[in-house]
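Accompanying notes for the structure given below.
Each reported figure results from applying straightforward, stated rules to the coordinates on display, with no laboratory input. These figures come from a predicted structure and were not determined experimentally. So basically every Cβ, Gly included, is an ideal-geometry build from the backbone, and we count neighbours across all protein chains shown.
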Ligand code: TYD
């Protein structure tokens, strides 16, 4: 890996993205790479403020397109302020969620349509796409069970959606994988953290070494 690489990690609730990202960063750093870990929505002050508005459980009035535009706005700021400078400096950027979250959640599950979400996001990302996206696939029932049993993170407004919503999110990701099988690779998120890490490393090394 001799130049910046942009890797995004996607998946439904409770897929174990955070655990995988920490382990990946640890392993790649030990191998001598410079790694920057970040997350959406958020990652920098302005985007964290937007995140607060989007995920506030009291904001039940939020209209779907408002939500989609806020995610895209947070993405733009995060991309230009944090991700692009790191890529230009040759780092490996591992980002927890990116455009595919908007396509799966707002485009497919909320029913706005993937084409509409793609077009507002093109304005936000201006052609910058991940080099590789790992889709951590888990049955929504299992993922939500993990969240409810308490994996340490707070319950947010999107966790409160019904099961059908989370099934649609998964379906959305499946559609995206069919569209871009080169960029987006499925990882079975049902295994142990060690198995998931091993599978993810195999894909990353196979792709970039
Ligand atoms: P977060 O607490 O980061 O959850 P997770 O650990 O599952 O990533 O909350 C992010 C929530 O925002 C999550 O429910 C997915 C949702 N989301 C979208 O709906 N669209 C998007 O574009 C992004 C980035 C996230």
* Asked: Pick from segment 123-146 the residues that are assigned to a helix (DSSP H, G or I) and in contact with a helix residue (DSSP H, G or I) (Cβ under 9 Å, 6 or more places away or on another chain): which of them is nearest to residue 199 (Cα to Cα)?
  -> 143
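Let's see how each residue does on (1) assigned to a helix (DSSP H, G or I); (2) over 28 Å from residue 26 (Cβ atoms):
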{"residue": "172", "(1), (2)": "yes, yes"}
{"residue": "182", "(1), (2)": "no, no"}
{"residue": "194", "(1), (2)": "yes, no"}
{"residue": "207", "(1), (2)": "yes, no"}
* To do: Restrict the check to segment 18-25 and report whether at least one residue is surrounded by fewer than 18 Cβ atoms within 10 Å (Cβ to Cβ), within 17 Å of residue 161 (Cα to Cα) and either free of Cβ contacts under 8 Å to residues at least 60 places away in the same chain or in contact with a helix residue (DSSP H, G or I) (Cβ under 8 Å, 6 or more places away or on another chain) (or both).
  => no
* Could you run through segment 28-72 and say how many residues are away from the ligand (no atom under 15 Å from the Cβ), more than 16 Å from the chain's Cα centre (by Cα) and surrounded by 16 or more Cβ atoms within 10 Å (Cβ to Cβ)? => 2
* The lone exception for residue 15 - which of (1) out of contact with any strand residue (DSSP E or B) (no Cβ under 8 Å at 6 or more places or on another chain); (2) touching a residue at least 40 places away in the same chain (Cβ under 8 Å); (3) under 26 Å from residue 138 (Cβ atoms) it fails -> (1)
